[in-house]
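Please read the structure below before turning to the comments.
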Amino acid sequence: MLTDNYNRTHNYLRISLTDACNFRCTYCMPNEDMLFTPAQHLMQTHEIIKLAHFFVQQGIDKIRLTGGEPLIRKDFDAIVTALSKLGITLTLTTNARLLHHHLFHLINSGVKSINISLDTLKPDRFLKITRRNDFEKVKANIFLCLEQAIRVKINVVLMHGINDDEILDFIRLTKHHPLHVRFIEFMPFDGNQWQADKVITHYEIIAKAQQTFDIIKMKDAVNDTSKKYIVPGHAGTFAVISTMSEPFCNSCNRLRLTADGKMKNCLFSNGEVNLLQALRNGQDLLPIIKLCVQQKAKALGGQFLPEIKNVDATKISNRSMIKIGG
Ligand code: SAM
Ligand code: SF4
């Protein structure tokens, strides 16, 4: 088992397949002309499978594929086929632009739940946020998932002045559709112009929801990152991922592998371990992984405190979100 110095056991690995993307979300990608990592520096198909297999032997039983945009990798289906044989829960986070090409392969590989990012229900605003005109395609693919009985969680990064006027519309969407909307507090990463006053907190979201709906708090699982709510009678639910105002580090069970094969013990850690190089050198991976897990900071990568007003984003040393893998 991969247990750290705070007695947290890690059974969940998030693997980024690429740092490239077909969208250009302003809060995620530092600038539109960002240089993506050349293919030879990324984990190759067989290396991803080898590393995943090794982690599974150490107690990982859930793997999420992410990126960048995982679906732009040409070997995506092959990776899914191989990982589906590891006896784990396999899932992914995607912008859904290309999901119609892969959905049936994912279903045949045992994937039951997909997280899809959608920050607005307005096509013109979608273009402004993602810098791509693909709202209708994403929407169609969300409904394609529902038709196929896939559990869909919609990730919405809320930001003051950008999409804070859509909280109620997203909750309304759960009335007739079994969608699980997750409002995410805006987080600081390299180059994303994070400011404390852009963050909409868990408290603010719930206060807004309560003005219109009677909402009920649902029970969260031990390792859940989100705080779940339901409007009675609605087919779906909504939740808040309160990383900034009320972090869930105490029960964190997650490890990360970046697309260039660096292991990160926390989304906010500035330390990384080059597992891909170690694999290519034929080194014993176990002591390297165990040390990385043991070095995990108690909270927020040891980089800041959950007092949003006092967070100085210029003092946080980390990659951009697109280069980490969300
Ligand atoms: N391209 C895929 C997608 O958009 O779903 C997967 C990668 S993306 C980096 C993973 C998640 O991170 C998305 O839900 C995205 O909205 C979220 N994300 C990116 N930057 C963020 C930020 N600064 N704060 C909070 N969430 C962020
Ligand atoms: Fe691409 Fe996802 Fe980042 Fe948007 S959030 S730029 S879709 S990786």
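The values are calculated or read from the model by the stated rules, or taken from the named source; none is laboratory data. Model, not experiment: these values are computed from the prediction. Positions of Cβ are generated from backbone atoms using ideal geometry, with glycine treated the same way; all protein chains shown enter the neighbour counts. Just the protein is used for accessible areas: all its heavy atoms, side chains included, with ligands, DNA and RNA removed. Shrake-Rupley method; radii C 1.70, N 1.55, O 1.52, S 1.80 Å.
Please report, ordered by residue number, the strands (runs of 3 or more DSSP E) entirely within region 232-326 with at least 2 residues that are farther than 30 Å from Asp33 by Cα.
Values: elements: 237-241, 254-257, 262-264.
Once the strands (runs of 3 or more DSSP E) in region 232-326 are filtered for at least 2 residues that are farther than 30 Å from Asp33 by Cα, what remains is 237-241.
What number of residues within region 23-41 satisfy the criterion of being more than 15 Å from ligand 1 (Cβ to nearest atom) and among the aromatic types (Phe, Trp, Tyr)?
Counting residues in region 23-41 that are more than 15 Å from ligand 1 (Cβ to nearest atom) and among the aromatic types (Phe, Trp, Tyr) gives 0.
Which one of the conditions (1) crowded, with 19+ Cβ neighbours inside 10 Å; (2) charged (D, E, K, R); (3) out of contact with any helix residue (DSSP H, G or I) (no Cβ under 6 Å at 6 or more places or on another chain) does Asp19 fail to meet, given that it meets all the rest?
Among (1) crowded, with 19+ Cβ neighbours inside 10 Å; (2) charged (D, E, K, R); (3) out of contact with any helix residue (DSSP H, G or I) (no Cβ under 6 Å at 6 or more places or on another chain), Asp19 violates only (3).
Can you list residue pairs whose Cβ atoms sit under 9 Å apart, with the first residue in region 145-160 being at positive phi and the second being not in a strand (DSSP E or B)? Count only pairs 6 or more apart in sequence or on different chains.
Ala149/Ile107; Ala149/Lys112
Considering only residues of region 169-181 that are open to solvent by 30 Å² or more (accessible area, probe 1.4 Å) and touching a residue at least 60 places away in the same chain (Cβ under 8 Å), which is nearest to ligand 2 (Cβ to nearest atom)?
By that ranking, first place goes to Leu173.
Looking at (1) open to solvent by 30 Å² or more (accessible area, probe 1.4 Å); (2) in contact with a His (Cβ under 8 Å, 6 or more places away or on another chain); (3) within 15 Å of ligand 2 (Cβ to nearest atom), which is the only condition Gly191 fails?
(2)
Which one of the conditions (1) without any contact (Cβ under 8 Å) to a residue 24 or more places away in the chain; (2) part of a helix (DSSP H, G or I) does Ala221 fail to meet, given that it meets all the rest?
Against the list (1) without any contact (Cβ under 8 Å) to a residue 24 or more places away in the chain; (2) part of a helix (DSSP H, G or I), Ala221 comes up short only on (2).
Determine whether region 195-208 contains at least one residue that is basic (Lys, Arg), under 18 Å from Ile167 (Cα atoms) and either assigned to a strand (DSSP E or B) or open to solvent by less than 70 Å² (accessible area, probe 1.4 Å) (or both).
Among the residues of region 195-208, at least one is basic (Lys, Arg), under 18 Å from Ile167 (Cα atoms) and either assigned to a strand (DSSP E or B) or open to solvent by less than 70 Å² (accessible area, probe 1.4 Å) (or both), which makes the answer yes.
Out of the residues in region 115-132 that are part of a helix (DSSP H, G or I) and crowded, with 16+ Cβ neighbours inside 10 Å, state the one that is farthest from ligand 1 (Cβ to nearest atom).
Filtering region 115-132 for residues part of a helix (DSSP H, G or I) gives 123-130.
Then drop every residue that is not crowded, with 16+ Cβ neighbours inside 10 Å, which leaves 125-126, 129-130.
On the way: Arg125: 14, Phe126: 12, Ile129: 10, Thr130: 9 Å.
Here the residue is Arg125.
Hey, among the residues in region 1-57 that are within 13 Å of ligand 2 (Cβ to nearest atom) and of a type in the set (Asp, Glu), which one's nearest to the chain's Cα centre (by Cα)?
Taking the candidates together, the pick is Asp19.
Given the criteria in contact with a Ser or Thr (Cβ under 7 Å, 6 or more places away or on another chain) and under 29 Å from Ile48 (Cβ atoms), does Gly110 qualify?
Yes: the conditions hold for Gly110.
Give the residues of region 133-162 that are open to solvent by less than 10 Å² (accessible area, probe 1.4 Å) and in contact with a Pro (Cβ under 9 Å, 6 or more places away or on another chain), sorted by residue number.
If the condition is that a residue be open to solvent by less than 10 Å² (accessible area, probe 1.4 Å) and in contact with a Pro (Cβ under 9 Å, 6 or more places away or on another chain), then Val152 is the only one that fits.
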